[in-house]
Amino acid sequence: MVLALGTGAVVLVVLVWELMRPTLKRAVVRLRSSRAAHRLSSASTRYDPGRERRAEQRARALLRSCIAEDDWAMYRDLGFLRVLGGLGDRDTGARAAYAYLIYPHKPIVAYVPETGELLNEYCVAFPDHSKPYGSARLPQSDDVLAKWMALTADERRLIGEANMHLPGRQIEPDRVRRDVVRLAGWERQRDGHRAGSVRTA
Amino acid sequence: MKLLRMKPGHGEIVLAEGDVEVPQDERRLIEAFRRELDQGMWAAVPTETAGGRREAELVKSFAEVPRDSERVIFFPRAAGGSAPATS
């Protein structure tokens, strides 16, 4: 009796095992592949300072290749770009009625070059919703280039897309005023160097 | 001509490259161009005016791209709003 029950139990276990084996096998394969995919995706989305630095270096090279030499020097030395406003009449230089300061990942600030008076902040971003490395933010210099291209190509459209605020919403007005002063000093120095090199020549 | 796209965490990538005067290349460039626009990207062509001023031109179709352009740069379309200040 015991022997018969034991044999029956063994047969039952073997039968259940045979029935379950394909399902278990598939489950194990699924588990392994999902773990591998998870490892892969977390490796590509994990914050990697080296990758971010390389991305920024590429972005700086692209920015430099697109803008004028003086503008590149301004960005390199001061950390922002100035674009003269005027909806098409940028050849007037310092007499432009207004201008923009472009900061990386910060609002564009409009101001009056003659007086330094701050006009508005234009909050605008260029989010890449595909988030290739887990973030929608472009490298800093790509953000500056995107703003510069959009402003110089179609100022009205970019300003239309932006959220307009009074100065001080996101960037300290004192900081912007200091930047305007720094920019004026930087331009004087650069003009002085130019005049000096012309005299020497 | 090169089609470039700005990419978070990477910088620009080359989407397609070719000679617009070669029909096969041009087809490839047009396809890549449309794909980016379909994804909601803006396309800009860096230019230089006769006076030497650098600027950019936004284009909405491949036909608008000047034939002698070296690059078209795609970037995500502008959206109102910006990250909170950290300074």
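Please go through region A:144-165 and give me each residue that is surrounded by fewer than 15 Cβ atoms within 10 Å (Cβ to Cβ) and of a type in the set (Lys, Arg), ordered by number.
Of everything in region A:144-165, those that are surrounded by fewer than 15 Cβ atoms within 10 Å (Cβ to Cβ) and of a type in the set (Lys, Arg) turn out to be A:ARG156, A:ARG157.
If only one of A:GLY168, A:GLY116 is surrounded by fewer than 23 Cβ atoms within 10 Å (Cβ to Cβ), touching a strand residue (DSSP E or B) at 6+ places or on another chain (Cβ under 9 Å) and part of a loop (DSSP other than H, G, I, E, B), which one is it?
Values: A:GLY116 fails: touching a strand residue (DSSP E or B) at 6+ places or on another chain (Cβ under 9 Å).
None of the other options fit; the residue is A:GLY168.
Just one of A:SER141, A:SER135 is in contact with a Gly (Cβ under 8 Å, 6 or more places away or on another chain) and either in a helix (DSSP H, G or I) or of a type in the set (S, T, N, Q) (or both); which is it? Before you say what the answer is, go through the steps one by one.
Numbers: A:SER141 fails: in contact with a Gly (Cβ under 8 Å, 6 or more places away or on another chain).
After ruling out the rest, the residue left standing is A:SER135.
Within the group A:ASP174, A:ASP191, A:ASP179, which residue is more than 9 Å from every other protein chain (Cβ to nearest Cβ), crowded, with 19+ Cβ neighbours inside 10 Å, farther than 24 Å from B:PRO46 by Cβ and of a type in the set (Asp, Glu)? So that I can check it myself, show each step before the final result.
Numbers: A:ASP174 fails: crowded, with 19+ Cβ neighbours inside 10 Å; A:ASP191 fails: crowded, with 19+ Cβ neighbours inside 10 Å.
After ruling out the rest, the residue left standing is A:ASP179.
Before we move on, is A:ASP191 among the acidic types (Asp, Glu) and within 30 Å of B:LEU4 (Cβ to Cβ)?
no
Exactly one of these conditions fails for B:GLU55: (1) modelled with pLDDT under 95; (2) away from every other protein chain (no Cβ under 14 Å). Give me its number.
So the condition that B:GLU55 fails would be (2).
What residue, among those in region A:40-77 that are exposed (fewer than 10 other Cβ atoms within 10 Å of the Cβ) and more than 28 Å from A:LEU183 (Cα to Cα), is modelled with the lowest pLDDT? Outline the logic, then answer.
Applying the first criterion (exposed (fewer than 10 other Cβ atoms within 10 Å of the Cβ)) to region A:40-77 yields A:43, A:49-50, A:69.
Remaining after also requiring more than 28 Å from A:LEU183 (Cα to Cα): A:43, A:49-50.
Working: A:ALA43: 56, A:PRO49: 84, A:GLY50: 89.
My answer is A:ALA43.
Can you tell me how many residues in region A:106-119 are modelled with pLDDT under 95 and either in contact with a Ser or Thr (Cβ under 6 Å, 6 or more places away or on another chain) or under 20 Å from A:ALA150 (Cβ atoms) (or both)?
Result for region A:106-119: 0.
Kindly provide the set of residues from region B:5-24 that are surrounded by fewer than 22 Cβ atoms within 10 Å (Cβ to Cβ) and closer than 14 Å to A:ALA61 by Cβ, ordered by number.
Matches in region B:5-24: B:HIS10, B:ILE13, B:VAL14.
Contact list please: Cβ distance under 8 Å, first residue in region A:71-85 and more than 20 Å from A:ALA96 (Cα to Cα) and among the acidic types (Asp, Glu), second residue assigned to a helix (DSSP H, G or I) and at pLDDT 95 or above, pairs at least six apart or on different chains.
So the pair list comes out as A:ASP77/A:TRP186.
Can you say whether B:MET41 is touching a residue at least 60 places away in the same chain (Cβ under 8 Å), buried (at least 19 other Cβ atoms within 10 Å of the Cβ), under 25 Å from A:ALA55 (Cβ atoms) and of a type outside the set (Lys, Arg), as far as the supplied structure shows?
Working: touching a residue at least 60 places away in the same chain (Cβ under 8 Å): no; buried (at least 19 other Cβ atoms within 10 Å of the Cβ): yes; under 25 Å from A:ALA55 (Cβ atoms): yes; of a type outside the set (Lys, Arg): yes.
Spelling it out, it is not the case that B:MET41 is touching a residue at least 60 places away in the same chain (Cβ under 8 Å), buried (at least 19 other Cβ atoms within 10 Å of the Cβ), under 25 Å from A:ALA55 (Cβ atoms) and of a type outside the set (Lys, Arg).
Return the residues of region B:64-77 that are in a loop (DSSP other than H, G, I, E, B) and either crowded, with 23+ Cβ neighbours inside 10 Å or of a type in the set (Lys, Arg) (or both); say none if nothing qualifies.
B:ARG67, B:ARG77
Hey, A:LYS147 hits all of (1) within 25 Å of B:PRO46 (Cα to Cα); (2) at pLDDT below 95; (3) more than 8 Å from chain B (Cβ to nearest Cβ) but one; which does it fall short on?
So A:LYS147 meets the others, but not (2).
What residue, of B:LEU58, B:LEU29, B:LEU3, is touching a Leu at 6+ places or on another chain (Cβ under 7 Å), part of a strand (DSSP E or B) and not hydroxyl-bearing (Ser, Thr, Tyr)?
Values: B:LEU58 fails: touching a Leu at 6+ places or on another chain (Cβ under 7 Å); B:LEU29 fails: part of a strand (DSSP E or B).
Criteria check complete, one pass: B:LEU3.
The values are calculated or read from the model by the stated rules, or taken from the named source; none is laboratory data. Just so we're clear, the structure is a prediction, and the values are computed from it rather than from any experiment. Counting neighbours? That spans all protein chains shown, and the Cβs are built from the backbone with ideal geometry, glycine included.
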